[in-house]
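Have a look at the structure below, then the notes.
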Amino acid sequence: MKPIRLVSGFLTVGFWTLASRILGFVREMMILAFIGPGPVMDAFVAAFRLPNMFRRFFAEGAFNAAFVPQFAKRYEAGDNAEGFAREAFNGLAFLVLILTALAMVFMPAFVWATAEGFSGDARFDLTVGYGRIVFPYILFMSLSALFSGVLNATGRFAAAAAAPVLLNIFVICAMAAGAVLGGEVIRWLVWTIPVAGIAQLTLVWTAAHRAGISIRPGRPRWSPEMKHLVVVAIPAALSSGVMQINLLVGQQVASRYDAAVSWLFAADRLYQLPLGVVGIAVGIVLLPDLSRRLRDDDGDGARHAFSRAGEIALALTIPSAVALVVIPLPLVSVLFERGQQTADDSAAIALAVAVYGLGLPAFVLQKVLQPLYFAREDTRTPFRYALWAMVVNAVVAIGLHFYIGWIAAALATTLAGWTLVWLLARGARPMGDVARFDTRFRRRIWRIIAASVIMGAVLWGVNLLLGPWITAPGWRYLALAVLVGSGMVSYFLSGQLLGAFALHEFRAALRRGN
């Protein structure tokens, strides 16, 4: 069997996720420039969130949490993994086809349930129309998630990680064509999304076939294997559903304020860059690796993988969080402020970015801690914890919006994130040493924090010096590059001096692949 190379897997997934996030920035910059915060963008955000919400509910959340560990164990043991994947494919396709048909018919109800504040104005009808165009995207992306799970479980990460890049490439080209040809850019945008989904599915399907996993559509079967998959998947589905409810609560609160849905969407894109590059990459690679090691009773190897994943994740995430808190306005104004976006929009988005930044380490730690449960096919415990996080989110978002307005939605997301991390960490204690970070992690985490604080001080000082240039049209890109570069250099140098990380250890791990 092809071994899973932990560090090289992180780098592969991280590289392609970074490429996707960079192109995503370009995409959001074009959306904000051509459409701008307001009714049309609010409607698009709410409509596009529908397939993404159900995709995370059925595919990336429930399905992968249940499917990947079972497939990885069957693949490792040579126990008809391909047949298992084929049955899962047919069952998932049948389920999502039914959901898509229901959504086409009951789209107004879906919109009311997720953005009730749109009722009575033009945003509601716009969202219904856009939703019916983009919702079929869930079918292609759910099936893509299955093939991505197959590829990840076999140690092949490149194609699955590269697939999301296609969405951004297609959307960027479509909006550029709409702007050049004089059509409505929003129309080009929404019609391109399902087309991009077909391209993504084609890529991972072909990659799985080349990897020796041939899956063909067929009639769904209710076998003992599928029954066990569903039993494991249902708590994960409910857990993912809870997390999506958190997003919907935030959207419901934001929908009561003009342009707030757009502001939160733009802020979400910015903090999702480090979350995607680090957290998602770590989670994708760590789950199949832990599943294999636990199957082989390799406790020491599992603890090493868990500790190195946490160390790598926080060494990259903590300085990112500090940067989002210290310099959110320069980042937002330079990246997004053009066309239809005003300085007031930038200030609102920057506030949300800073609040999300406080929760960034929590969002990443969730990706590190959850595989401890999923690798054991325990999806019920994370579901119970997610319920508590949902309660925290709802109480904060709904209770505080009367006093602090739309920003309560972002604050609720951050507090709920830290609540879930605390519960996951506490619940993992009975798992023993496998679920405890090793001595090296505990020794270095405080040095990582110290290096990040030094970096934050440097960013604050350099931002004061470069303030006039960051707002100057001809100099702002160069000024932002100098600002970000100064932070990166200060973090790297202080981290080396404090012993937060060592370049030679990274090179050695890369050569070993673990």
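The values are calculated or read from the model by the stated rules, or taken from the named source; none is laboratory data. What you are looking at is a predicted structure, and each value in this text was computed from that prediction instead of being measured. In this analysis, Cβ positions are derived from the backbone assuming ideal geometry, glycine residues included, and neighbour counts consider all displayed protein chains.
Test Gly495 against the criterion of being at pLDDT below 90, part of a helix (DSSP H, G or I), surrounded by 14 or more Cβ atoms within 10 Å (Cβ to Cβ) and small (Gly, Ala, Ser), and give yes or no.
yes
Modelled with pLDDT of 75 or more, over 30 Å from Asp296 (Cβ atoms) and crowded, with 21+ Cβ neighbours inside 10 Å: does that describe Ala33?
no
Return the residue satisfying two criteria in turn: it lies in the stretch 364-395 and is small (Gly, Ala, Ser) and buried (at least 20 other Cβ atoms within 10 Å of the Cβ), and of such residues it is farthest from the chain's Cα centre (by Cα).
Ranking the candidates gives Ala375 first.
Just to be sure I understand, how many residues within the stretch 134-165 are part of a helix (DSSP H, G or I), in contact with a Pro (Cβ under 8 Å, 6 or more places away or on another chain) and aromatic (Phe, Trp, Tyr)?
2
Looking only at the stretch 166-190, which residues are assigned to a helix (DSSP H, G or I), farther than 17 Å from Met41 by Cα and at pLDDT below 85?
Val180, Leu181
Is there any pair linking a residue in the stretch 215-231 that is in the same structural domain as Gly83 (by TED's automatic domain parsing) and over 15 Å from Phe71 (Cα atoms) to one that is among the small types (Gly, Ala, Ser) and in a helix (DSSP H, G or I), with Cβ under 7 Å and at least six apart or on different chains, and which?
As it stands, the answer is Pro217/Ala93; Pro220/Gly91, since those pairs meet every condition given.
Kindly indicate the residue of the stretch 459-500 that is in contact with a Phe, Trp or Tyr (Cβ under 8 Å, 6 or more places away or on another chain) and hydrophobic (A, V, I, L, M, F, W, C) and also nearest to Pro319 (Cα to Cα) among those meeting that condition.
Ala479
Any residue at all in the stretch 73-80 that is surrounded by fewer than 17 Cβ atoms within 10 Å (Cβ to Cβ), of a type in the set (Asp, Glu) and more than 27 Å from Thr192 (Cβ to Cβ)?
Looking for residues that are surrounded by fewer than 17 Cβ atoms within 10 Å (Cβ to Cβ), of a type in the set (Asp, Glu) and more than 27 Å from Thr192 (Cβ to Cβ), one finds at least one in the stretch 73-80, hence yes.
Conditions tested, residue by residue: (1) touching a helix residue (DSSP H, G or I) at 6+ places or on another chain (Cβ under 6 Å); (2) closer than 21 Å to Leu50 by Cβ; (3) of a type outside the set (Phe, Trp, Tyr); (4) touching a residue at least 40 places away in the same chain (Cβ under 8 Å).
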site: Tyr75; (1), (2), (3), (4): yes, no, no, yes
site: Glu82; (1), (2), (3), (4): no, no, yes, yes
site: Glu87; (1), (2), (3), (4): yes, no, yes, yes
site: Val96; (1), (2), (3), (4): yes, yes, yes, yes
site: Ala109; (1), (2), (3), (4): no, yes, yes, no
site: Phe118; (1), (2), (3), (4): yes, yes, no, yes
site: Ala162; (1), (2), (3), (4): yes, no, yes, yes
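Given the conditions (1) touching a residue at least 24 places away in the same chain (Cβ under 8 Å); (2) under 30 Å from Leu229 (Cα atoms), report the number of the one that Val391 does not fulfil.
(1)
In the list Ile186, Ile213, which residue meets the criterion of being touching an Asp or Glu at 6+ places or on another chain (Cβ under 9 Å), more than 20 Å from Leu139 (Cα to Cα), among the β-branched types (Val, Ile, Thr) and buried (at least 19 other Cβ atoms within 10 Å of the Cβ)?
Ile213
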